[in-house]
Structures are given as structure tokens and as C-alpha cells.
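Accompanying notes for the structure given below.
The values are calculated or read from the model by the stated rules, or taken from the named source; none is laboratory data. Given the structure is predicted, the values throughout are model-derived calculations rather than measurements. Positions of Cβ are generated from backbone atoms using ideal geometry, with glycine treated the same way; all protein chains shown enter the neighbour counts. Note: accessible area is taken over every heavy atom of the protein model, side chains too, but ligands, DNA and RNA are not part of it. Shrake-Rupley method; radii C 1.70, N 1.55, O 1.52, S 1.80 Å.
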Amino acid sequence: MPSIRRPFQWRPPVAERVDVVVLGMGVGGEELANTLADNGLNVVGIESHLVGGECPYYGCIPTKMMIRADDMVAEGRRIPGFAGESTVNADWTPVARRIRDVATDNWNDRVAVERFERKGGHFVRGAGKLAGPGKVSVNGTTYEASRAIVIATGTSPAVPPIPGLDRVKYWTNREAVKVEQLPESLVILGGGAIGVELAQAFARFGVKVTIIEGMNRVLAMEEPEASAVLGEVLQRDGIELCLNARAKSVEPDGGAAIVMLEDGRQVTGAQLMVATGRRANLRDIGLETVGLDPSVRLLEPDDHLRVGERLWAIGDVTTSGGFTHMAIYHAGIAIDDILGKPGPGADYRAKPRVTFTDPEVGATGLTEEQAKKNGLNVRTGIQKASVTSRGWIHGPGNDGLIKVVEDADRGVLVGATTMGPRGGDLLGIFELAIKMQIPSDELRHLIYAYPTFYRGVGEAVRKLGPDQHTPIR
């Protein structure tokens, strides 16, 4: 009897069932994946580049190694007149070697991958994509998560559409931290945190640096008083500031680059660096398959980081990300939510940020301008770092200030800036005061150890004016 040939029927591959899929293993994704695996869940972590993300390989860790080195160079040059004589011969070679060998393992994430796998996690190298509610596809395999999918795909350098830019070999922060031979000159597009940090580091090692910034000051998102002080310091370091300037086009000049400005000026550098911000890695990850708008610039989760049914988003892809500490903070909230543990939602009133220049610029909460735009009755107090007792003792390198922003109607702080030596380390008291709504009067009457940099906290608060409220006793 002849056999009956049935027509071929395609069947979709059966999804592999797991508990959690983490799409993106940057700082937040890695923290979340490791912790959930530690709690016994079957976790798949997907990453197309390096586990740990931008921070340990191209951001926080290597750049702060660069900054630590340039701070040492600057301190050595400050010795004459205070502690004898000094001659400093800055050498980039040990800096580059330390970044390559100690910080990044030559940009190899084997240690991070193995750490996750030892906890029981399953790591996949590839570009994952959402494939419908509860599903993620990568390398031809679909994973179906019974508990959670977490979007943690981070950001990449934002490169502006400047004519001619594609004809020159430019750096982003990624190339900058890998450099082993410094250029004679460097032009940086962007005077934000990344731009000014790297500008100062390279300048102190002998590079002629020019910053092109479209706003009228560097660090334009921070208090104008802090921008003014930092601008003066950068210029003392030999950095040229082109403010209120925008690049019209870029032209190659041999191995160098010529930046044509809209006002007709030309700026030439042996190397060009683009530091004009970051963009979230949300394109082509399948947001439309889970009911989210694929054209959004950032995702807006609820206070427990949920963006959908069994779907969370953490870190830089969210409207409240932007920093390593925020990704870790988000991860902690999402972890508890996924595990069903009760816990508070996200509270961003005292969100901190630090620019690690010399002097450091720490800030938390609202700036004066933001507070006024929010309709608050604002009072401010400012104390220069150099005129505090510790600042005067410190001498060279004591540039900075402490500025506090108060909601005068309630008598509580809503923002603060701490600029100076170890400026970022002074933020803690202001974060606590803003989050817990501690009356300014209480800060006025604290006992501040003498002589410390943080004693300037009390001096700045007292400059708000006389007590207007009854302190808590």
C-alpha cells in the first residue's frame, strides 16, 4: 500500500521555560541577575557586549583611575611654597597600564560571567529581543519567563549628526579610556560631566585641550555658581573653553580634525572626542511586542520599576536612571518586587550626582532654577569652600562652594551642591535632610566638628537667614 505523504507543517520552536530573563547585564542587570540566582531562581542573563556594562570598562572605574592620576599630578605641582620644591614629569604609560591590566582585564568580562554562572545563572552572549509578553529571543532560542523579564539594556554614546563627522576618527568615552599614547591636542564636543572630567585629566598630562559647548557655561545642568568656579579652574589648567558655540561641520586634516563653528571660527585638534550625551539602547529590542512604544527615548516605569505585566525596566533606560548608583538602586527595588517582598517604592527627591573634576561637584535634589520652576518660595545660602577654616588650611586646590536651596514656606531643603575637595563625599548629610525633610533649623544647630570640610554645611545653611520655624527637639 503506498505511503501517504502529509504536507509539511511549520511549527514554532518550543520556548525554553525559565523564571527570569534579564535583557542587558550592565551594572543594574548584573546586580539583579546575580541576586535572583542567589535566591534560587532560574535566571537567564543576556548581554551582547561586556557583563558589567559601561561603568567598569569605559566609565566610572577607568575614568576615576585617570582622575586619581591627574589629581596626583596636580598635587605634586602644588608643593612649591607649601612643602618644599617639586618637579613633576607626568607619564601616561602607568595610567593606561593600570586601566588595561587592573581595572578591565584588557576589556574581558570572563570573571563577571563566571561569577554569575557560579550562582546558577545561565549566560547568553547575544543581542536579545522581546518576542511577546513573557518572551525573549536570542541567537535563535526563545526563553519564556514565568516570573519576570527585566529590561536593562543601558545607553551608548549619542553622536550628533554633524556633517563630516563620519569622515574623521573620533573618540567617545570608550576610545578615550583605552588610549595608550596621548595626542598633542584634543578637541572635545560637549562640556558636560564626561567632557570636563576627561578634559582635565588629559590636560594635566600635557594635552592641549579645547572644549566646545553649546550652552553659556560648562556643567550647564548644575548651579551656575559651580559652573563659574569650574570654568575658572579648567582655564587655569590650560583648557580653552568655546562657550555658546556649536559645531557646524567637521573636516579631516591629515590625521587631525578641523571643527567649523557656526560663528565662523575654526578649532583644530590632533584628536576629536564626542561627549554630547548618551542615548538609551531601546531601538530594535521589540518593545512593540509587549505593548510599549518603540520610538520612546526612555521608559517611564512605576515606583516599583514595572513597565508592564511581569515586565520591569531599570537603570539608564528609564526616566530616572543616568548613573550607576541609580541602576543599583533600581535593581534593589525590582528584586524585592519580583521576589514578592514588601518594600518602599522609588523616591527620587534626593537623587545624587557627582562630577569628579578637581574640585568635585556633588549635587542632590533640585537646583535653584528647578525649584523656582516648581513654584517654590526659594531661599538659598552659599558658603565658599576657600573661606571655611578647613578650606583655608587646605590652601591650593580649595576652590569650591556649598550651596543650599530651601523651600522657605516649609523650612526644609530641596536641593544642595557641594563643590570642593571631596565634594561628592559631603552629599550624604544633604541627601538625608532632603529625603527625611529635616528642618533647616536642625541643620543650623548641629555640632559640626572643627576644622572639617563638612563644617561648611552649617555655615551655608545659616546663610539662608534667621530661623523661621520651630526646630524638632
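Quick one: in the range 417-431, of everything that is outside any strand (DSSP E or B) and touching an Asp or Glu at 6+ places or on another chain (Cβ under 6 Å), which residue is least open to solvent (accessible area, probe 1.4 Å)?
Step one: list which residues in the range 417-431 are outside any strand (DSSP E or B), which gives 421-431.
Now restrict to residues that are touching an Asp or Glu at 6+ places or on another chain (Cβ under 6 Å): 423-424.
Working: Gly423: 1, Gly424: 16 Å².
Among them, the one singled out is Gly423.
Residues in the range 357-377: is at least one under 18 Å from Val27 (Cβ atoms) and either of a type in the set (D, E, K, R) or touching a residue at least 24 places away in the same chain (Cβ under 8 Å) (or both)? Steps first, answer last, please.
Of all residues in the range 357-377, those under 18 Å from Val27 (Cβ atoms) come to none.
No: zero hits.
Test Leu36 against the stated conditions and say whether it is open to solvent by less than 10 Å² (accessible area, probe 1.4 Å) and touching a Ser or Thr at 6+ places or on another chain (Cβ under 6 Å). Walk me through it before giving the result.
Values: open to solvent by less than 10 Å² (accessible area, probe 1.4 Å): yes; touching a Ser or Thr at 6+ places or on another chain (Cβ under 6 Å): no.
So Leu36 does not fit the description; no.
In this structure, does Thr289 turn out to be in contact (Cβ under 8 Å) with a residue 24 or more places away in the chain, assigned to a loop (DSSP other than H, G, I, E, B), out of contact with any Ser or Thr (no Cβ under 6 Å at 6 or more places or on another chain) and more than 24 Å from Gln437 (Cα to Cα)? Give the steps one after another, and end with the answer.
Details: in contact (Cβ under 8 Å) with a residue 24 or more places away in the chain: yes; assigned to a loop (DSSP other than H, G, I, E, B): no; out of contact with any Ser or Thr (no Cβ under 6 Å at 6 or more places or on another chain): yes; more than 24 Å from Gln437 (Cα to Cα): yes.
Judged against the criteria, Thr289 is not a match.
Please find, within the range 136-168, the residue that is farthest from Glu251 (Cα to Cα) out of those that are surrounded by fewer than 20 Cβ atoms within 10 Å (Cβ to Cβ) and more than 30 Å from the chain's Cα centre (by Cα).
The qualifying residue farthest from Glu251 (Cα to Cα) is Ser146.
Only one residue in Gly45, Gly132 is touching a residue at least 40 places away in the same chain (Cβ under 8 Å), in a strand (DSSP E or B) and of a type outside the set (Phe, Trp, Tyr). Which one? Even if it seems obvious, please write down each step before you answer.
On the way: Gly132 fails: in a strand (DSSP E or B).
Unique residue meeting the criteria: Gly45.
Identify, from the list Tyr329, Tyr348, the residue that is touching a residue at least 24 places away in the same chain (Cβ under 8 Å) and either polar (S, T, N, Q) or over 22 Å from Gly134 (Cα atoms) (or both).
Details: Tyr329 fails: touching a residue at least 24 places away in the same chain (Cβ under 8 Å).
Exactly one of Tyr329, Tyr348 is touching a residue at least 24 places away in the same chain (Cβ under 8 Å) and either polar (S, T, N, Q) or over 22 Å from Gly134 (Cα atoms) (or both), namely Tyr348.
Write out, first by first residue and then by second, each pair whose Cβ atoms fall under 9 Å of each other, whose residues are 6+ apart or on separate chains, and whose first residue, in the range 94-114, is over 27 Å from Met72 (Cβ atoms) while the second is surrounded by fewer than 18 Cβ atoms within 10 Å (Cβ to Cβ).
Final answer for the pair search is Val111/Asp105; Val113/Arg125.
For (1) open to solvent by 10 Å² or more (accessible area, probe 1.4 Å); (2) at negative phi; (3) among the polar types (S, T, N, Q), each residue gets a yes or a no:
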| position | (1), (2), (3) |
| --- | --- |
| Glu31 | yes, yes, no |
| Ser48 | yes, yes, yes |
| Gly53 | yes, no, no |
| Lys64 | yes, yes, no |
| Asp70 | no, yes, no |
| Glu75 | yes, yes, no |
| Ala83 | yes, yes, no |
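So, in the range 63-103, how many residues would count as being assigned to a helix (DSSP H, G or I) and not acidic (Asp, Glu)?
Counting residues in the range 63-103 that are assigned to a helix (DSSP H, G or I) and not acidic (Asp, Glu) gives 22.
In the range 286-300, is there at least one residue being surrounded by fewer than 19 Cβ atoms within 10 Å (Cβ to Cβ) and in contact with a Pro (Cβ under 6 Å, 6 or more places away or on another chain)?
So far as the range 286-300 goes, yes, one or more of its residues are surrounded by fewer than 19 Cβ atoms within 10 Å (Cβ to Cβ) and in contact with a Pro (Cβ under 6 Å, 6 or more places away or on another chain).
Given (1) farther than 30 Å from Val136 by Cβ; (2) open to solvent by 60 Å² or more (accessible area, probe 1.4 Å); (3) modelled with pLDDT of 95 or more; (4) of a type in the set (D, E, K, R), where does Asp105 come up short, assuming only one miss?
If we test Asp105 against (1) farther than 30 Å from Val136 by Cβ; (2) open to solvent by 60 Å² or more (accessible area, probe 1.4 Å); (3) modelled with pLDDT of 95 or more; (4) of a type in the set (D, E, K, R), just (1) comes out false.
Would you say Glu223 is farther than 21 Å from Tyr57 by Cα, modelled with pLDDT of 95 or more and surrounded by fewer than 22 Cβ atoms within 10 Å (Cβ to Cβ)?
On the way: farther than 21 Å from Tyr57 by Cα: yes; modelled with pLDDT of 95 or more: yes; surrounded by fewer than 22 Cβ atoms within 10 Å (Cβ to Cβ): no.
When the stated conditions are applied, Glu223 does not pass them.
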